[in-house]
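The values are calculated or read from the model by the stated rules, or taken from the named source; none is laboratory data. Every value quoted in this text rests on a predicted model; they were computed, and no experiment measured them. Neighbour counts are summed over all protein chains in view; Cβ atoms, including those assigned to glycine, are modelled from backbone coordinates with ideal geometry.
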Amino acid sequence: MRHPSGSRRGRQADAVVRCGKALPRNWLVEQGTACVHTCGGRRVARATGSARAGREPDCRLDGRPPLIGRPGRRQPGLCRFVEFPQTRVTLVQCINWRGSSLSHYLGSASAARKFEVLNVTNLIEDGALSLFQIRVYCLCALVALVDGFDSQLLGPAAPSIAHALRVSVAGFGPVFSASQVGFFVGALVLGPVADWLGRRWVLVGATAVFAVFTLLTALAHSISALLFYRVVVGLALGGASPCFIGLAAEYLPLRQRTRLVTMLWAAVPLGGMLGAAVSSALIHTAGWQASFLAGGLISLGVAMLLGFALPESVGFLVRRGTPRRKISPIVEKIAGGPVAHDVRFVSNEQRTQGVPLRKLFESGRRLCTIYLWALCFMAWMALIVVSFWTPALIQRAGFSMSEAAATLLVNNVGAVAGTVLIGSAMQRYGDFRVLAWSFLGAALSVGGFGIFTSALSHVLISSALSGFFLSASCAGLIAVAAESYPTSVRSTGIGWAIGVGRIGSIVGPMFAGQLLMLQWSVRSIYLVLGIPCLCAVGLIALLRRHTSRTATSRADESVAT
């Protein structure tokens, strides 16, 4: 084996390419066992073993196949060794845990100039996080923040708007429902549109639409106009969610994707907390119109920033056959160096034909999609019921209004903490294992509401834990959806997962209301809400089993090919 620089390195017949200054990408390859792992003290990415700084590690597995995948989710993988003597470029092609082909090139970014073909999917998934990718991630996080900010403006302003329009607060039920229905429709419809037209323009357009109609909400002079404005705002908010998640995921390295996607989703409840606080402050000082004007102007500024600074998904551009002059600048920013003018860009995924929704049920994804939708339905149903009905149910159990508000506050704090932390746990211990424990914790903490209602301290602890585990479960499911579907249908997959979850958020409060009308006790209601979370643990076991079988069959097919 030749080193990419042209010199021979290694010892005896093993032909081991070692880590060192000449290999800044830190890949180690052994021809006999085709083993790939990181060196220089970095965490192992796609093989067993470890490496410490200051040592030159060897990769020896005694002829056994390497283990491909993240810690906690590794499975036997298959690799083959590929050399290009003319260009002195070495690659190792592996079949990873989802059955996808991964080609790793050895050497610095300048070695890419010697490729006749450069796979942009592998460049992103197996490379380091560049400043350009961090910029894309931050822009998507900014959209998530204003998404949550605008969605929470109506709640604190509802009494003031009802007084101004001379309607009762009870008449605001259709207005609140309109936002939820709009969000549901937007996630289902605009997700496939983003897979067809591209993430960038759909995201910019959705952000601009909910900015404009948030501004128009401040000018509403009738309940019908307010209803129409909030439907359009919900439609745009729902359409933006799968776009900023899908676009960010497609620019993140595979080893960091789960953690960063869940942290991205944490910006939504964080923005909601900021929106509620700003709205409450402005209502008392400048009137309810000021909160919507502030939210609309901030969102409009973000939309303008996205139009100038946000790039399209490079995987989408390659798959669509975009001219290379529009792709090269993006690839050079990711690789950190120039790319030769004769390099042809390719992707691991081909352009799909037909309706994107059908693709969610093809190529062995049918059961995965069904299980994922059922999990999202259960998770969002329990989450919204706990968030919306907790103050009323706590007051019914004998606590004061201020104590009920404190309960909701600690629930929101727990929600943000759970959304931020679950990504790191999933990255370290495995997606399905952490999700199963998260749903089990949600079942116990939600049930704890009904059991421990004798003291405020017990209620606060149960509220914080339920917010932590339920929000963590929802964020974890979003990350699984982002990883389960290819680029060609990723926005569709994420959008429909969120949309089905929104169905649960609509059904859940109605179900809880019916139980209250039947004079069920607070304890019984919360115990019933824990049942879907327990069922979700069993569904996760089925999803894990199905994913393992699908990955094995895809690996066999890829090796045969």
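Among the numbered criteria (1) within 26 Å of the chain's Cα centre (by Cα); (2) crowded, with 20+ Cβ neighbours inside 10 Å, which single criterion is violated by Trp437?
Looking at each condition in turn, Trp437 falls short on (2).
What pairs come up if the first residue lies in the range 265-278 and is farther than 14 Å from Ala141 by Cα, the second is of a type outside the set (Asp, Glu), and their beta carbons are under 6 Å apart, counting only those six or more places apart or on different chains?
Close Cβ pairs satisfying both conditions: Met273/Asn412; Leu274/Phe149; Gly275/Phe149; Gly275/Gln152; Gly275/Leu153; Ala276/Gln152; Ala276/Pro156.
Looking at (1) outside any helix (DSSP H, G or I); (2) without any contact (Cβ under 8 Å) to a residue 24 or more places away in the chain, can you tell me which one Leu129 breaks?
Among (1) outside any helix (DSSP H, G or I); (2) without any contact (Cβ under 8 Å) to a residue 24 or more places away in the chain, Leu129 violates only (2).
Evaluate the following for Ser179: is it surrounded by fewer than 17 Cβ atoms within 10 Å (Cβ to Cβ), of a type outside the set (A, V, I, L, M, F, W, C) and either within 25 Å of Trp380 (Cα to Cα) or in contact with a helix residue (DSSP H, G or I) (Cβ under 8 Å, 6 or more places away or on another chain) (or both)? First the steps, then the outcome.
Numbers: surrounded by fewer than 17 Cβ atoms within 10 Å (Cβ to Cβ): no; of a type outside the set (A, V, I, L, M, F, W, C): yes; either within 25 Å of Trp380 (Cα to Cα) or in contact with a helix residue (DSSP H, G or I) (Cβ under 8 Å, 6 or more places away or on another chain) (or both): yes.
Judged against the criteria, Ser179 is not a match.
Looking at the range 271-280, is at least one residue of a type in the set (S, T, N, Q) and either within 27 Å of Ile498 (Cα to Cα) or assigned by TED's automatic domain parsing to the domain that holds Leu409 (or both)?
Narrowing the range 271-280 to residues of a type in the set (S, T, N, Q): 279-280.
Cutting the leftovers down to either within 27 Å of Ile498 (Cα to Cα) or assigned by TED's automatic domain parsing to the domain that holds Leu409 (or both) gives us 279.
Yes, the conditions are met somewhere in the range 271-280.
When residues of the range 157-174 are filtered for being modelled with pLDDT of 75 or more and buried (at least 20 other Cβ atoms within 10 Å of the Cβ), how many remain?
2
Yes/no per residue for (1) surrounded by fewer than 22 Cβ atoms within 10 Å (Cβ to Cβ); (2) modelled with pLDDT of 75 or more; (3) part of a helix (DSSP H, G or I):
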| residue | (1), (2), (3) |
| --- | --- |
| Gln353 | yes, no, no |
| Gly364 | yes, no, no |
| Ala379 | no, yes, yes |
| Val385 | no, yes, yes |
| Ala417 | yes, yes, yes |
| Leu421 | yes, yes, yes |
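Which pairs have Cβ atoms under 8 Å, sit 6 or more apart or on different chains, and link a residue in the range 326-350 that is outside any loop (DSSP other than H, G, I, E, B) to one that is of a type in the set (Lys, Arg)?
If the second residue must be of a type in the set (Lys, Arg), the pairs left are Arg344/Arg324; Phe345/Arg324.
When you check Phe184 against the structure, is it among the hydrophobic types (A, V, I, L, M, F, W, C), assigned to a helix (DSSP H, G or I), more than 25 Å from the chain's Cα centre (by Cα) and closer than 19 Å to Asp147 by Cβ, yes or no?
Here the answer is no, as Phe184 does not meet what is asked.
Answer yes or no as to whether Leu306 is touching a residue at least 40 places away in the same chain (Cβ under 8 Å) and closer than 30 Å to Asp431 by Cβ.
Numbers: touching a residue at least 40 places away in the same chain (Cβ under 8 Å): yes; closer than 30 Å to Asp431 by Cβ: yes.
Yes; evaluated as a whole, the condition is true for this residue.
For Ser462, all conditions in the list (1) buried (at least 22 other Cβ atoms within 10 Å of the Cβ); (2) within 30 Å of Arg199 (Cα to Cα) hold save one; what is the number of the exception?
Here Ser462 clears every test but (2).
What's the number of the condition Gly467 fails, among (1) over 16 Å from Ala187 (Cβ atoms); (2) touching an Asp or Glu at 6+ places or on another chain (Cβ under 8 Å)?
Result: Gly467 passes all but (2).
Of everything in the range 316-325 that's in contact (Cβ under 8 Å) with a residue 12 or more places away in the chain and either charged (D, E, K, R) or crowded, with 16+ Cβ neighbours inside 10 Å (or both), which residue is farthest from Leu123 (Cα to Cα)? Before the answer, list the steps.
Start the filter on the range 316-325 by keeping residues that are in contact (Cβ under 8 Å) with a residue 12 or more places away in the chain, which leaves 316-321, 324.
Going one step further and asking which of them are either charged (D, E, K, R) or crowded, with 16+ Cβ neighbours inside 10 Å (or both), we end up with 316-320, 324.
Numbers: Phe316: 14, Leu317: 15, Val318: 13, Arg319: 15, Arg320: 18, Arg324: 16 Å.
Checked the range 316-325; the qualifying residue farthest from Leu123 (Cα to Cα) is Arg320.
Modelled with pLDDT under 85, within 25 Å of the chain's Cα centre (by Cα) and in the same structural domain as Val189 (by TED's automatic domain parsing): is that true of Arg319 in this structure? Talk me through it step by step, then tell me what you get.
Numbers: modelled with pLDDT under 85: yes; within 25 Å of the chain's Cα centre (by Cα): yes; in the same structural domain as Val189 (by TED's automatic domain parsing): yes.
So Arg319 passes the test.
Within the range 418-452, how many residues turn out to be in contact (Cβ under 8 Å) with a residue 24 or more places away in the chain and out of contact with any helix residue (DSSP H, G or I) (no Cβ under 6 Å at 6 or more places or on another chain)?
Selection size over the range 418-452: 7.
Quick one: Arg324 ticks every box in (1) touching a strand residue (DSSP E or B) at 6+ places or on another chain (Cβ under 7 Å); (2) modelled with pLDDT of 85 or more except a single one, so which number is it?
The failed condition is (2).
Go through (1) closer than 25 Å to Ala208 by Cβ; (2) surrounded by fewer than 20 Cβ atoms within 10 Å (Cβ to Cβ) and name the single condition Ala340 misses.
Evaluating Ala340 over (1) closer than 25 Å to Ala208 by Cβ; (2) surrounded by fewer than 20 Cβ atoms within 10 Å (Cβ to Cβ) leaves (1) as the failure.
Being among the small types (Gly, Ala, Ser) and either within 20 Å of Met304 (Cα to Cα) or without any contact (Cβ under 8 Å) to a residue 24 or more places away in the chain (or both) is true for just one of Ala187, Ala157, Ala225. Which residue is that?
Numbers: Ala187 fails: either within 20 Å of Met304 (Cα to Cα) or without any contact (Cβ under 8 Å) to a residue 24 or more places away in the chain (or both); Ala157 fails: either within 20 Å of Met304 (Cα to Cα) or without any contact (Cβ under 8 Å) to a residue 24 or more places away in the chain (or both).
Selected residue: Ala225, the only one of Ala187, Ala157, Ala225 that is among the small types (Gly, Ala, Ser) and either within 20 Å of Met304 (Cα to Cα) or without any contact (Cβ under 8 Å) to a residue 24 or more places away in the chain (or both).
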